[in-house]
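S.K.: Attaching a single structure in C-alpha cells format; questions to follow.
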Amino acid sequence: MDSQEHATVLGARTTERYVLQSAAGSAISEAGSRPTAFVLTVSSSLVAIGFTVHDDRVFWPFVSAVLPLLFGLGAVTTIRLVETGVQGLMYQQAIARIRRYYRNLDTDHAVYFSKFSRHSDPPDTTEALAMLAAKQRPEVFSIACTTALITTAIAGIGTALLIVRIAGRDALPIAYPVGAAAFVLLMTAFFTYERARYGDVVE
C-alpha cells in the first residue's frame, strides 16, 4: 500500500470512528430518556390509583385499565433498552478495532492510545468489552434490569389483584404467592433474553 492509499484508508477509518461515536452517543441518550419517561409514567399512575382506593366502583375499572398499559409500556421499554445496550457494545467494539489500528501505525506512540484491556497484548480488541458483557453479568447491572424489575412487579401485582377480584379477599393467601411466582417467572425470562442478546455480540 503506497502513501496515498494509506492516507485514504486512515481518513476513512477516522471518519468511521466519528460516525460510530455519534451513533454510540445517540444510543446512550435514548437509554437515558426511555427509562426516565417510563418511571415518571408509573409514578404518576400510582398517585392516580391512590385516589381511587376508597371506592371499589372506581378502583377496579381504573386498575384494570392502567396496569396492563403500564406492563405493556414497561415491556417495550425494557426490550428497547436491551437493544440499545447491545448496539452500544457493538459500536464500542468497532471503535476498539479502529483504535488498535491507530496503535499499530507507530509503535513509539502506541502508548498514547489506551487499550480497553489490562493485558499487554490482548488476543482481540474486544476482549475487555467481552469480559464486561460475559463475566460481569450485565443482566443484573444494566438499565434494562431496572425497568424489568418495575415491569415484572406490576405484572405480579396485577396477577394478585386479578385473583382477588375473581375469588374475593379470602383468596389473598393464594394471590400473594401466585403474584410472586409471576414476578420470578418474568424476571427469569428477562435475564434469559438479555443474556442471549449480549451473547450474540460477545461470542
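Every number here is computed from the coordinates shown, using simple stated rules; none is lab data. These figures come from a predicted structure and were not determined experimentally. Positions of Cβ are generated from backbone atoms using ideal geometry, with glycine treated the same way; all protein chains shown enter the neighbour counts.
S.K.: What list do you get for Glu5, Glu83 if you sort them by fewest beta carbons within 10 Å? The partial results should precede the final answer.
M.R.: Numbers: Glu5 9, Glu83 15.
Ranking Glu5, Glu83 by Cβ neighbours within 10 Å, fewest first, gives Glu5, Glu83.
S.K.: Another question, then. Say each of Thr8 and Thr52 gets a label point 7 Å from the Cα, pointing the same way as Cα to Cβ; how far apart are those two points in nm?
M.R.: Placing both labels 7 Å along Cα→Cβ, they lie 6.6 nm apart.
S.K.: Further, regarding this structure: In what order do His54, His6 fall by count of nearby beta-carbon atoms within 10 Å, going from fewest to most? Display every interim value, and only then the final one.
M.R.: On the way: His54 8, His6 11.
Arranged by neighbour count, lowest to highest, His54, His6 become His54, His6.
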